[in-house]
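Student: Dumping the structure here so I can ask a few things about it.
The values are calculated or read from the model by the stated rules, or taken from the named source; none is laboratory data. Source: prediction; values computed, not measured. Methodologically, a virtual Cβ is constructed for each residue, glycine included, from the backbone with ideal geometry; neighbour enumeration extends over all protein chains shown.
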(Lines give C-alpha, C1' and ligand atoms only; values in the text may rest on other atoms or scores of the structure.)
Protein backbone atom coordinates (compact mmCIF):
# COMPACT_ATOMS: atom_id res chain seq x y z
CA UNK A 1 0.00 0.00 0.00
CA UNK A 2 2.74 2.50 0.95
CA UNK A 3 4.56 1.97 -2.35
CA UNK A 4 1.31 2.54 -4.24
CA UNK A 5 0.49 5.72 -2.35
CA UNK A 6 4.00 7.14 -2.73
CA UNK A 7 4.01 6.37 -6.48
CA UNK A 8 0.63 8.04 -7.04
CA UNK A 9 1.55 11.11 -4.99
CA UNK A 10 4.80 11.46 -6.93
CA UNK A 11 3.02 11.12 -10.29
CA UNK A 12 0.29 13.60 -9.34
CA UNK A 13 2.44 16.10 -7.43
CA UNK A 14 0.52 15.46 -4.22
CA UNK A 15 -2.95 15.79 -5.79
CA UNK A 16 -5.53 15.18 -3.02
CA UNK A 17 -8.85 13.94 -4.43
CA UNK A 18 -12.10 14.56 -2.55
CA UNK A 19 -14.31 12.31 -4.66
CA UNK A 20 -13.72 8.99 -6.44
CA UNK A 21 -15.65 7.70 -9.43
CA UNK A 22 -15.59 4.14 -10.76
CA UNK A 23 -16.74 3.94 -14.38
CA UNK A 24 -18.59 0.84 -15.57
CA UNK A 25 -18.71 -0.86 -18.97
CA UNK A 26 -18.94 1.55 -21.88
CA UNK A 27 -18.64 4.68 -19.74
CA UNK A 28 -14.88 5.17 -20.00
CA UNK A 29 -15.25 8.20 -22.28
CA UNK A 30 -16.32 10.37 -19.36
CA UNK A 31 -12.84 11.88 -18.98
CA UNK A 32 -12.38 12.64 -22.68
CA UNK A 33 -12.83 16.41 -22.32
CA UNK A 34 -11.21 16.79 -18.90
CA UNK A 35 -7.61 17.87 -18.41
CA UNK A 36 -5.68 15.82 -15.92
CA UNK A 37 -3.13 13.11 -15.25
CA UNK A 38 -3.70 9.56 -16.46
CA UNK A 39 -1.81 6.56 -15.09
CA UNK A 40 -2.26 3.10 -16.65
CA UNK A 41 -3.11 0.42 -14.10
CA UNK A 42 -0.08 -1.57 -15.22
CA UNK A 43 2.20 1.08 -13.72
CA UNK A 44 0.54 1.09 -10.29
CA UNK A 45 1.53 -1.55 -7.76
CA UNK A 46 -1.53 -3.49 -6.63
CA UNK A 47 -3.69 -2.48 -9.60
CA UNK A 48 -4.59 -5.20 -12.08
CA UNK A 49 -4.94 -4.88 -15.85
CA UNK A 50 -8.55 -4.98 -17.04
CA UNK A 51 -9.02 -7.38 -19.92
CA UNK A 52 -12.67 -6.57 -20.52
CA UNK A 53 -13.89 -4.63 -23.56
CA UNK A 54 -15.21 -1.22 -22.53
CA UNK A 55 -12.80 -0.85 -19.59
CA UNK A 56 -9.85 1.39 -20.50
CA UNK A 57 -7.72 0.41 -17.53
CA UNK A 58 -6.24 3.63 -16.18
CA UNK A 59 -6.51 5.95 -13.20
CA UNK A 60 -7.34 9.58 -13.97
CA UNK A 61 -6.79 12.59 -11.72
CA UNK A 62 -8.39 15.92 -12.54
CA UNK A 63 -10.83 18.65 -11.53
CA UNK A 64 -14.54 18.57 -12.31
CA UNK A 65 -16.64 21.57 -11.36
CA UNK A 66 -13.77 22.76 -9.12
CA UNK A 67 -13.74 19.45 -7.23
CA UNK A 68 -10.65 17.26 -7.16
CA UNK A 69 -11.59 13.83 -8.45
CA UNK A 70 -9.91 10.48 -9.05
CA UNK A 71 -11.58 8.31 -11.67
CA UNK A 72 -11.17 4.61 -12.39
CA UNK A 73 -11.56 4.26 -16.15
CA UNK A 74 -12.81 0.71 -15.93
CA UNK A 75 -12.44 -1.82 -13.12
CA UNK A 76 -11.01 -5.29 -12.70
CA UNK A 77 -13.41 -8.08 -11.82
CA UNK A 78 -13.65 -11.14 -9.63
CA UNK A 79 -14.56 -13.21 -12.71
CA UNK A 80 -11.23 -12.32 -14.31
CA UNK A 81 -9.58 -14.46 -11.65
CA UNK A 82 -8.61 -11.65 -9.30
CA UNK A 83 -9.19 -11.99 -5.57
CA UNK A 84 -11.76 -9.85 -3.79
CA UNK A 85 -8.85 -8.17 -2.04
CA UNK A 86 -7.40 -7.16 -5.42
CA UNK A 87 -10.79 -6.08 -6.80
CA UNK A 88 -11.34 -3.72 -3.85
CA UNK A 89 -7.72 -2.56 -3.42
CA UNK A 90 -8.35 0.72 -5.31
CA UNK A 91 -11.10 1.69 -2.85
CA UNK A 92 -8.66 1.29 0.04
CA UNK A 93 -6.14 3.42 -1.87
CA UNK A 94 -8.75 6.14 -2.44
CA UNK A 95 -9.49 6.29 1.27
CA UNK A 96 -5.78 6.71 2.05
CA UNK A 97 -5.57 9.50 -0.55
CA UNK A 98 -8.28 11.42 1.28
CA UNK A 99 -11.46 10.48 -0.61
CA UNK A 100 -14.64 10.80 1.45
CA UNK A 101 -17.30 10.16 -1.23
CA UNK A 102 -17.32 7.52 -3.96
CA UNK A 103 -19.62 7.20 -6.96
CA UNK A 104 -19.77 3.66 -8.32
CA UNK A 105 -21.32 3.13 -11.76
CA UNK A 106 -22.05 -0.04 -13.65
CA UNK A 107 -23.96 -1.53 -16.56
CA UNK A 108 -26.76 -3.81 -15.41
CA UNK A 109 -29.45 -6.05 -16.82
CA UNK A 110 -33.09 -5.35 -16.04
CA UNK A 111 -35.03 -8.14 -14.34
CA UNK A 112 -38.45 -6.75 -15.29
CA UNK A 113 -40.31 -4.58 -17.77
CA UNK A 114 -40.34 -1.53 -15.48
CA UNK A 115 -36.62 -0.79 -15.77
CA UNK A 116 -35.86 -0.18 -19.44
CA UNK A 117 -32.55 -0.36 -21.33
CA UNK A 118 -31.04 3.11 -21.66
CA UNK A 119 -32.42 4.30 -18.33
CA UNK A 120 -30.43 5.13 -15.21
CA UNK A 121 -31.16 3.66 -11.80
CA UNK A 122 -29.98 4.86 -8.41
CA UNK A 123 -29.05 1.88 -6.25
CA UNK A 124 -31.02 1.92 -3.00
CA UNK A 125 -29.63 -1.38 -1.72
CA UNK A 126 -27.95 -4.54 -2.94
CA UNK A 127 -28.07 -8.32 -2.63
CA UNK A 128 -24.73 -10.10 -2.65
CA UNK A 129 -25.03 -13.31 -4.66
CA UNK A 130 -21.28 -13.65 -5.27
CA UNK A 131 -20.92 -16.27 -2.55
CA UNK A 132 -18.10 -14.38 -0.87
CA UNK A 133 -17.28 -11.08 0.85
CA UNK A 134 -14.31 -8.72 0.37
CA UNK A 135 -13.92 -8.33 4.15
CA UNK A 136 -13.16 -12.02 4.77
CA UNK A 137 -9.80 -12.38 6.48
CA UNK A 138 -7.95 -10.54 9.21
CA UNK A 139 -9.58 -7.21 10.02
CA UNK A 140 -7.64 -3.95 10.41
CA UNK A 141 -9.46 -2.21 13.26
CA UNK A 142 -7.73 1.06 12.34
CA UNK A 143 -9.63 1.08 9.04
CA UNK A 144 -13.03 -0.34 9.92
CA UNK A 145 -15.05 -2.52 12.28
CA UNK A 146 -14.88 -6.31 12.22
CA UNK A 147 -18.67 -6.51 11.79
CA UNK A 148 -19.67 -3.35 9.92
CA UNK A 149 -23.30 -2.26 9.76
CA UNK A 150 -24.78 -2.45 6.25
CA UNK A 151 -28.20 -0.89 6.86
CA UNK A 152 -27.35 2.11 4.64
CA UNK A 153 -24.57 1.10 2.28
CA UNK A 154 -25.76 3.64 -0.30
CA UNK A 155 -25.93 7.09 1.27
CA UNK A 156 -29.49 8.38 1.56
CA UNK A 157 -28.13 11.93 1.35
CA UNK A 158 -26.26 11.25 -1.90
CA UNK A 159 -29.25 9.40 -3.37
CA UNK A 160 -31.47 12.41 -2.70
CA UNK A 161 -28.84 14.67 -4.27
CA UNK A 162 -28.70 12.45 -7.38
CA UNK A 163 -32.48 12.56 -7.78
CA UNK A 164 -32.51 16.35 -7.40
CA UNK A 165 -29.77 16.69 -10.03
CA UNK A 166 -31.55 14.33 -12.43
CA UNK A 167 -34.78 16.27 -12.04
CA UNK A 168 -32.96 19.54 -12.75
CA UNK A 169 -31.50 18.02 -15.92
CA UNK A 170 -34.82 16.43 -16.98
CA UNK A 171 -33.24 12.99 -16.87
CA UNK A 172 -35.63 10.16 -16.12
CA UNK A 173 -34.13 8.14 -13.30
CA UNK A 174 -35.40 5.30 -11.15
CA UNK A 175 -34.36 3.63 -7.92
CA UNK A 176 -33.98 -0.03 -7.14
CA UNK A 177 -32.06 -2.98 -5.73
CA UNK A 178 -28.92 -4.27 -7.46
CA UNK A 179 -28.05 -7.97 -7.32
CA UNK A 180 -24.43 -8.98 -7.81
CA UNK A 181 -23.39 -12.31 -9.29
CA UNK A 182 -19.88 -13.47 -10.09
CA UNK A 183 -20.24 -13.90 -13.86
CA UNK A 184 -18.79 -14.13 -16.42
CA UNK A 185 -21.75 -16.10 -17.77
CA UNK A 186 -25.02 -14.24 -17.91
CA UNK A 187 -27.82 -15.46 -15.67
CA UNK A 188 -30.22 -18.18 -16.84
CA UNK A 189 -33.96 -17.42 -17.04
CA UNK A 190 -34.48 -19.51 -13.89
CA UNK A 191 -31.81 -17.53 -12.06
CA UNK A 192 -33.42 -14.29 -13.22
CA UNK A 193 -36.73 -15.44 -11.73
CA UNK A 194 -34.97 -16.30 -8.48
CA UNK A 195 -33.35 -12.85 -8.35
CA UNK A 196 -36.72 -11.17 -8.93
CA UNK A 197 -38.29 -13.20 -6.13
CA UNK A 198 -35.41 -12.13 -3.88
CA UNK A 199 -36.36 -8.47 -4.37
CA UNK A 200 -33.78 -7.37 -6.93
CA UNK A 201 -34.55 -5.04 -9.85
CA UNK A 202 -31.33 -5.31 -11.85
CA UNK A 203 -28.35 -7.65 -11.94
CA UNK A 204 -24.65 -7.16 -12.65
CA UNK A 205 -21.17 -8.52 -11.98
CA UNK A 206 -19.54 -5.73 -9.98
CA UNK A 207 -20.16 -2.81 -7.60
CA UNK A 208 -21.12 -4.73 -4.46
CA UNK A 209 -17.56 -5.63 -3.37
CA UNK A 210 -16.42 -2.00 -3.79
CA UNK A 211 -19.52 -0.69 -2.01
CA UNK A 212 -19.03 -3.04 0.95
CA UNK A 213 -15.40 -1.98 1.42
CA UNK A 214 -16.19 1.73 0.98
CA UNK A 215 -18.93 1.45 3.60
CA UNK A 216 -16.52 -0.40 5.92
CA UNK A 217 -14.07 2.49 5.44
CA UNK A 218 -16.80 4.99 6.40
CA UNK A 219 -17.00 6.52 2.93
CA UNK A 220 -20.30 7.77 1.53
CA UNK A 221 -21.36 5.67 -1.46
CA UNK A 222 -23.56 6.55 -4.42
CA UNK A 223 -24.36 3.72 -6.82
CA UNK A 224 -25.71 4.36 -10.33
CA UNK A 225 -26.66 1.62 -12.78
CA UNK A 226 -26.99 2.16 -16.50
CA UNK A 227 -29.57 -0.39 -17.57
CA UNK A 228 -28.01 -1.85 -20.70
CA UNK A 229 -30.30 -4.76 -21.55
CA UNK A 230 -33.11 -7.01 -20.38
CA UNK A 231 -31.88 -10.08 -18.52
CA UNK A 232 -32.47 -13.58 -19.91
CA UNK A 233 -36.10 -14.62 -20.02
CA UNK A 234 -37.54 -11.12 -19.68
CA UNK A 235 -37.70 -11.14 -23.46
CA UNK A 236 -36.79 -14.03 -25.72
CA UNK A 237 -33.46 -12.47 -26.64
CA UNK A 238 -29.82 -13.53 -26.67
CA UNK A 239 -27.42 -11.47 -24.57
CA UNK A 240 -24.07 -10.07 -25.65
CA UNK A 241 -21.43 -7.79 -24.18
CA UNK A 242 -21.48 -5.69 -27.37
CA UNK A 243 -25.01 -4.65 -26.47
CA UNK A 244 -23.77 -3.53 -23.06
CA UNK A 245 -20.97 -1.45 -24.60
CA UNK A 246 -23.32 0.15 -27.12
CA UNK A 247 -25.79 1.11 -24.38
CA UNK A 248 -22.96 2.81 -22.49
CA UNK A 249 -21.95 4.81 -25.52
CA UNK A 250 -25.52 5.87 -26.24
CA UNK A 251 -26.05 7.04 -22.67
CA UNK A 252 -22.64 8.66 -22.20
CA UNK A 253 -23.89 12.23 -22.70
CA UNK A 254 -26.59 12.11 -20.03
CA UNK A 255 -24.32 10.18 -17.67
CA UNK A 256 -21.66 12.88 -18.04
CA UNK A 257 -24.15 15.69 -17.38
CA UNK A 258 -25.53 13.94 -14.33
CA UNK A 259 -22.13 13.07 -12.86
CA UNK A 260 -20.85 16.61 -13.44
CA UNK A 261 -23.81 18.14 -11.61
CA UNK A 262 -23.69 15.64 -8.73
CA UNK A 263 -19.98 16.22 -8.26
CA UNK A 264 -20.47 19.99 -8.28
CA UNK A 265 -23.05 19.67 -5.48
CA UNK A 266 -21.19 17.28 -3.19
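Student: In a loop (DSSP other than H, G, I, E, B) and buried (at least 19 other Cβ atoms within 10 Å of the Cβ): is that true of residue 49 in this structure? Give the steps one after another, and end with the answer.
Tutor: Values: in a loop (DSSP other than H, G, I, E, B): yes; buried (at least 19 other Cβ atoms within 10 Å of the Cβ): no.
It is false that residue 49 is in a loop (DSSP other than H, G, I, E, B) and buried (at least 19 other Cβ atoms within 10 Å of the Cβ).
Student: Does residue 122 qualify as being in a strand (DSSP E or B), under 22 Å from residue 256 (Cα atoms), touching a residue at least 60 places away in the same chain (Cβ under 8 Å) and within 14 Å of the chain's Cα centre (by Cα)? Full working, then the answer.
Tutor: Details: in a strand (DSSP E or B): yes; under 22 Å from residue 256 (Cα atoms): yes; touching a residue at least 60 places away in the same chain (Cβ under 8 Å): yes; within 14 Å of the chain's Cα centre (by Cα): yes.
The answer is yes for residue 122.
Every residue, every condition in (1) outside any strand (DSSP E or B); (2) in contact with a strand residue (DSSP E or B) (Cβ under 7 Å, 6 or more places away or on another chain), yes or no:
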residue: 15; (1), (2): yes, yes
residue: 21; (1), (2): no, yes
residue: 25; (1), (2): yes, yes
residue: 37; (1), (2): no, yes
residue: 76; (1), (2): yes, no
residue: 85; (1), (2): yes, no
residue: 96; (1), (2): yes, no
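Student: Select from segment 162-177 the residues that are under 14 Å from residue 262 (Cβ atoms), surrounded by 19 or more Cβ atoms within 10 Å (Cβ to Cβ) and touching a strand residue (DSSP E or B) at 6+ places or on another chain (Cβ under 8 Å) and list them in ascending order.
Tutor: The initial filter retains those residues of segment 162-177 that are under 14 Å from residue 262 (Cβ atoms), namely 162-169, 171, 173.
Still in the running and surrounded by 19 or more Cβ atoms within 10 Å (Cβ to Cβ): 162, 165-166.
Within segment 162-177, 162, 166 meet the criteria.
Student: Considering only segment 36-45, I want to know if a residue exists there that is in contact with a helix residue (DSSP H, G or I) (Cβ under 7 Å, 6 or more places away or on another chain) and free of Cβ contacts under 8 Å to residues at least 40 places away in the same chain.
Tutor: Initially, segment 36-45 is screened for residues in contact with a helix residue (DSSP H, G or I) (Cβ under 7 Å, 6 or more places away or on another chain), giving 37, 39, 44-45.
Filter once more, keeping what is free of Cβ contacts under 8 Å to residues at least 40 places away in the same chain: 37, 39.
There is at least one residue in segment 36-45 that is in contact with a helix residue (DSSP H, G or I) (Cβ under 7 Å, 6 or more places away or on another chain) and free of Cβ contacts under 8 Å to residues at least 40 places away in the same chain.
Student: Which residues, counting only those in segment 20-46, are under 24 Å from residue 220 (Cα atoms), surrounded by 19 or more Cβ atoms within 10 Å (Cβ to Cβ) and modelled with pLDDT of 90 or more?
Tutor: Residues satisfying the conditions are 20, 21, 22, 23.
Student: Which one of these is surrounded by 13 or more Cβ atoms within 10 Å (Cβ to Cβ) and within 23 Å of residue 229 (Cα to Cα): 191, 152? Before you say what the answer is, go through the steps one by one.
Tutor: Details: 152 fails: within 23 Å of residue 229 (Cα to Cα).
One residue alone meets the criteria, 191.
Student: Within segment 225-246, restricting attention to residues that are under 21 Å from residue 171 (Cβ atoms) and crowded, with 22+ Cβ neighbours inside 10 Å, which residue is modelled with the lowest pLDDT?
Tutor: 244
Student: OK, next. Criterion first (within 20 Å of residue 130 (Cα to Cα) and surrounded by fewer than 19 Cβ atoms within 10 Å (Cβ to Cβ)) does residue 86 satisfy it?
Tutor: Details: within 20 Å of residue 130 (Cα to Cα): yes; surrounded by fewer than 19 Cβ atoms within 10 Å (Cβ to Cβ): yes.
In short, yes.
Student: Further question on the same structure: Need the failing condition index for residue 219 against (1) within 11 Å of the chain's Cα centre (by Cα); (2) at pLDDT 95 or above, just the number.
Tutor: All conditions are met except number (1).
Student: Let me confirm something: among 127, 136, which residue is modelled with pLDDT of 95 or more, over 14 Å from the mean Cα position of the chain (by Cα), surrounded by fewer than 19 Cβ atoms within 10 Å (Cβ to Cβ) and part of a strand (DSSP E or B)? First the steps, then the outcome.
Tutor: Details: 136 fails: part of a strand (DSSP E or B).
Testing whether each residue is modelled with pLDDT of 95 or more, over 14 Å from the mean Cα position of the chain (by Cα), surrounded by fewer than 19 Cβ atoms within 10 Å (Cβ to Cβ) and part of a strand (DSSP E or B) leaves just 127.
Student: Restricting segment 57-83 to residues that are in contact with a helix residue (DSSP H, G or I) (Cβ under 7 Å, 6 or more places away or on another chain) and surrounded by fewer than 18 Cβ atoms within 10 Å (Cβ to Cβ), which is nearest to residue 44 (Cα to Cα)?
Tutor: So the residue we want is 67.
Student: Moving on. Test each condition in (1) free of Cβ contacts under 8 Å to residues at least 40 places away in the same chain; (2) over 16 Å from the mean Cα position of the chain (by Cα); (3) part of a loop (DSSP other than H, G, I, E, B); (4) surrounded by 18 or more Cβ atoms within 10 Å (Cβ to Cβ) for residue 115 and report the one that comes out false.
Tutor: (1)
Student: For segment 139-156, which residues satisfy the criterion of being assigned to a loop (DSSP other than H, G, I, E, B) and over 11 Å from residue 215 (Cβ atoms)? Full working, then the answer.
Tutor: Here is the first cut: in segment 139-156, the residues assigned to a loop (DSSP other than H, G, I, E, B) are 139-155.
The answer is 139, 140, 141, 142, 143, 146, 147.
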